[in-house]
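Following: one structure in structure tokens, then a few remarks.
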Amino acid sequence: MAKAGARSGLLFSGSDWDFRTLSQCYDAIEAVAIEDLHLDVYPVQMEIISSEQMLDAYSSVGMPLMYRHWSFGKHFLYQELLYRKAGRGLAYELVINSNPCIVYLMEENTMALQALVTAHAALGHNHFFKNNYLFRQWTDAASILGYLDFAKNFIASCEERHGLAQVEAILDAAHALMEQGVFRYRRPPKLSSERQDQGARERFEYQERSYNDLWRTLPPSVDAKGGRVDDSAAERKSALNLPEENLLYFLEKNSPALEP
């Protein structure tokens, strides 16, 4: 079919595909994306996967590497049940914000669908990942795969050192707060230790210059309901860098109960 399509000037004809046809289509689509549309993309790594592998990717948040946790198996069985009972379809493709950009194509796709999702995911999503303001601010495509490999091995070593039960308890708690474990806004740059010390000295000097013993004789402040204002609450919020939208990060840095 590919030969017949080549003689007619088409990239392919019919619904069947093979790897040579996929490669020819990708080269043609990439030429349009780069030369005509001037897209700026990561190198592409395309892989063909089965429906079961796609379901497995669903269960592990789409990542090619992941630590072990019972919830992934639970999600897999749930997604598989929906799929087998025709309660849902599967994505034609899955694309990962990494460098190289990994694109999974379903082996059940027709050749027309393979061409469509190649343009959509391998070039379109790829360009978005590399150039979107928030993705550039919060993600590091070059290191995500290495970090996932580190996390998988680190949790495995923790299971050997501390036992499966303790690691599972921590992961269960972390998964419960997973949706509140992201940074949504740009944070100010963290001050160096020298700059923090300088700021503390400046605040102390200002307090010494502005100190007046008469303030000690004034009655305590009250809020709108007539209750006494607790200045220590504002000091605690400042010391804990509140407000903080990333609850996992906040607990990691400030929890009095978590062991190292």
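Show the residues, 5+ positions off or on another chain, whose built amide H is closer than 5 Å to the amide H of residue 102.
Answer set, sorted by chain and number: 45, 96.
For residue 85, give me every one of the aspartates and glutamates with a C-alpha distance below 19 angstrom, ignoring sequence neighbours fewer than eight places off in its own chain.
List returned: 52, 56, 108.
Check cross-link reach from residue 237 to the aspartates and glutamates: straight Cα distance under 16 Å, and skip same-chain residues fewer than eight apart.
Leaving aside aspartates and glutamates fewer than 8 places away in the same chain, those within reach of residue 237 are 245.
If you fit an axis through the alpha-carbon atoms of helix 144-162 and take the longest principal axis of the Cα set of the chain, what angle between them do you get, 0 to 90°, nearest 10?
The answer is roughly 60 degrees.
Quick one: accessible area per residue over the chain, 1.4 Å probe, rounded to a whole number of Å²?
70
Report the percentage of all Cα-Cα pairs in the chain whose separation exceeds 34 Å, rounded to a whole percent.
Within the chain, distances greater than 34 Å cover 44 percent of Cα pairs.
What's the angle, to the nearest 10 degrees (0 to 90), between helix 193-210's Cα axis and the longest principal axis of the chain?
With rounding to tens, the tilt is 30 degrees.
Please give every one of the aspartates and glutamates within straight-line cross-link reach of residue 190, meaning a C-alpha to C-alpha distance under 16 Å, and leave out same-chain neighbours fewer than 8 residues apart.
Result set, ordered by chain and number: 244.
Output wanted: per-residue J couplings in Hz (rounded whole) for the range 21-31, from phi through Karplus 6.51 cos²θ - 1.76 cosθ + 1.60, θ = phi - 60°, x for Gly and Pro.
Values, residue by residue: 5, 4, 5, 4, 5, 4, 4, 5, 5, 5, 4 Hz.
Please sort 111-117, 251-257 by packing, taking for each peptide the average over its residues of neighbouring beta carbons within 10 angstrom, highest first.
Ranking the peptides 111-117, 251-257 by packing returns 111-117, 251-257.
So for each of 163-171, 236-244, 96-104 I average, over its residues, the number of other beta carbons within 10 Å; can you give me the resulting order with the highest mean first?
Ranked from most to least packed, the peptides come out as 96-104, 163-171, 236-244.
Once phi is turned into ³J(HN,Hα) by the Karplus curve 6.51 cos²θ - 1.76 cosθ + 1.60 with θ = phi - 60°, what whole-Hz value does each residue of the range 164-175 show in order, with x for glycine and proline?
Once rounded to whole Hz, the list reads 5, 5, 5, 5, 5, 5, 5, 5, 4, 5, 5, 5.
What does the helix-only formula give at 222 nm for the chain: each DSSP H stretch with n ≥ 4 adding -39500 (n - 2.57), the total divided by the residues, and the result rounded to the nearest 500 deg cm²/dmol?
-15000 deg cm²/dmol
Please report, as a whole percent, how much of the solvent-accessible surface of the range 1-145 comes from carbon and sulfur atoms (probe radius 1.4 Å).
That fraction is 58 percent.
Using alpha carbon centroids, what distance separates the range 76-101 and the range 8-25, in Å?
25
Can you order the peptides 49-55, 137-143 by their average number of other Cβ atoms within 10 Å per residue, highest first?
Listed from highest to lowest mean packing, they are 49-55, 137-143.
Just want to confirm a number: the relative contact order over the chain, from Cα pairs under 8 angstrom separated by 6+ residues, in percent.
So the answer I get is 17 percent.
For the range 18-143, what does the relative contact order come out to in percent, with C-alpha contacts under 8 Å and a separation of six or more?
Rounded, it is 34 percent for the range 18-143.
The values are calculated or read from the model by the stated rules, or taken from the named source; none is laboratory data. Since we're looking at a predicted model, the values are computed, not measured. Positions of Cβ are generated from backbone atoms using ideal geometry, with glycine treated the same way; all protein chains shown enter the neighbour counts. Note: areas computed on protein heavy atoms with side chains; ligands, DNA, RNA excluded. Shrake-Rupley method; radii C 1.70, N 1.55, O 1.52, S 1.80 Å.
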